[in-house]
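Have a look at the structure below, then the notes.
The values are calculated or read from the model by the stated rules, or taken from the named source; none is laboratory data. A quick note: this is a predicted structure, and the numbers were derived from the prediction, not measured. Here the Cβ positions follow ideal geometry from the backbone for every residue, glycine too, while neighbour counts run over all protein chains shown. Accessible surface areas use protein heavy atoms only, side chains included; no ligands, DNA or RNA. Shrake-Rupley method; radii C 1.70, N 1.55, O 1.52, S 1.80 Å.
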Amino acid sequence: MGSPRNIIQRYHLGPFLGLLIIIVALTFLSDRFFTTSNLLNVARQVSINTLLGVGMTFVILTGGIDLSVGSILALAGALGAGFLGQGNTTLMVVLYACLIGLLAGTVNGTIVAYGRVAPFIATLATMTLFRGATLIYTEGRPVRAVAEGFNELGGGYLGAIPTPVIITSVIVLLAWFVLTQMTPGRRIFALGGNEEAAILSGIRTNHYKIMVYSISGLLAGLAGVILSSRLLSAQPTAGIGYELDAIAAVVIGGTSLTGGQGGVIGTLIGALIIGVIDNGLNLLNVSSFYQQAVKGLIILVAVLLDRRNAVGR
């Protein structure tokens, strides 16, 4: 048995302990924080960022990055709301939005894998492209998304648990299983750890690059339709800045920006840390300006720790 510090590093408990400390501190600072209704509200708010973060985890594990998830969310949400307006069922709308996200993600992956374009540049370009497509489709106006049953997707409950929380929990478990128990997951880690070695091992690296961006796009599409359901409309400006929150959740959760190390459970904890801090600062009536500064400071610390760990490996 090693020292407590070694145990924390070995089992990657740092983010979890950080979350516990923040929760305890906010419980003492605000009597409205640790209540069932507020915690369920935090969980619902965190769901969208977690879905984007899970997809981002797949991408970052390969050493890439996806700046377009916020724009894909808006595009899939808008097209999904338009599809709903044509009288389609909730299930069809969800599948349609996920398909839109999947196709957008596949475009990203193909540009990165076969176009040999750096992920940052490729997804920066498609971020603008997808946002422009959303504005063209919506003509800059919200698209109404109200239909029987559809609004339960983002705003309903299953028992006492908000529906988005249940959907997100299932996605996190599936992603964890793929990454830790299946061959594609191990190959994603291998690709991010050393691409040349992965190629020499016979791994079809381009295939896996396209796959991870497709997963990221699909989950952004799912997040888009859930957000449209919750807001009862699809906003053309939805998702602006969400890519940064998703990246922050991944990094805070312990996934290395250089690839090959991390996981979705850490991303879930990272998203919870961001959501709990946002909620706690709101309850304490802290200015949104200071909230941005606090969030930026946390991300900076996480990146510096990641950099130190990368140098030490």
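Data overview
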quantity: The lone exception for VAL117 - which of (1) of a type in the set (A, V, I, L, M, F, W, C); (2) more than 14 Å from the chain's Cα centre (by Cα); (3) assigned to a helix (DSSP H, G or I) it fails; calculated: (3)
quantity: Flag for THR126 being in contact (Cβ under 8 Å) with a residue 24 or more places away in the chain and open to solvent by 50 Å² or more (accessible area, probe 1.4 Å); calculated: no
quantity: Search result, residues across the stretch 95-129 that are among the hydroxyl-bearing types (Ser, Thr, Tyr) and either in contact with a Lys or Arg (Cβ under 9 Å, 6 or more places away or on another chain) or within 17 Å of LEU191 (Cα to Cα) (or both); calculated: THR110, TYR114
quantity: Selection count where residues are open to solvent by less than 20 Å² (accessible area, probe 1.4 Å) and in contact with a Gly (Cβ under 6 Å, 6 or more places away or on another chain), scope the stretch 99-113; calculated: 3
quantity: Leading residue by the ranking (surrounded by the fewest Cβ atoms within 10 Å (Cβ to Cβ)) among those in the stretch 62-92 that are of a type in the set (Gly, Ala, Ser) and more than 16 Å from ALA223 (Cβ to Cβ); calculated: GLY87
quantity: Any hit, the stretch 286-304, residues being in contact with a Gly (Cβ under 9 Å, 6 or more places away or on another chain) and crowded, with 20+ Cβ neighbours inside 10 Å; calculated: yes
quantity: Any hit, the stretch 3-17, residues being more than 28 Å from GLN235 (Cα to Cα), open to solvent by 30 Å² or more (accessible area, probe 1.4 Å) and modelled with pLDDT of 90 or more; calculated: no
quantity: Any helices (runs of 4 or more DSSP H) falling wholly within the stretch 159-248 and containing at least 2 residues that are within 24 Å of ALA97 (Cα to Cα), open to solvent by less than 20 Å² (accessible area, probe 1.4 Å) and not β-branched (Val, Ile, Thr); calculated: 163-181, 205-231
quantity: Residue in the stretch 142-151 that is in contact (Cβ under 8 Å) with a residue 60 or more places away in the chain, among the β-branched types (Val, Ile, Thr), in contact with a strand residue (DSSP E or B) (Cβ under 6 Å, 6 or more places away or on another chain) and within 25 Å of SER233 (Cα to Cα) present; calculated: yes
quantity: Residues within the stretch 254-270 that are open to solvent by 10 Å² or more (accessible area, probe 1.4 Å) and either farther than 14 Å from ALA190 by Cα or not in a loop (DSSP other than H, G, I, E, B) (or both), tallied; calculated: 6
quantity: Filter result (surrounded by fewer than 24 Cβ atoms within 10 Å (Cβ to Cβ) and within 30 Å of THR123 (Cα to Cα)) within the stretch 26-61; calculated: VAL42, ALA43, ARG44, GLN45
quantity: Condition met for GLU152 (out of contact with any His (no Cβ under 9 Å at 6 or more places or on another chain), of a type in the set (Asp, Glu) and surrounded by 17 or more Cβ atoms within 10 Å (Cβ to Cβ)); calculated: no
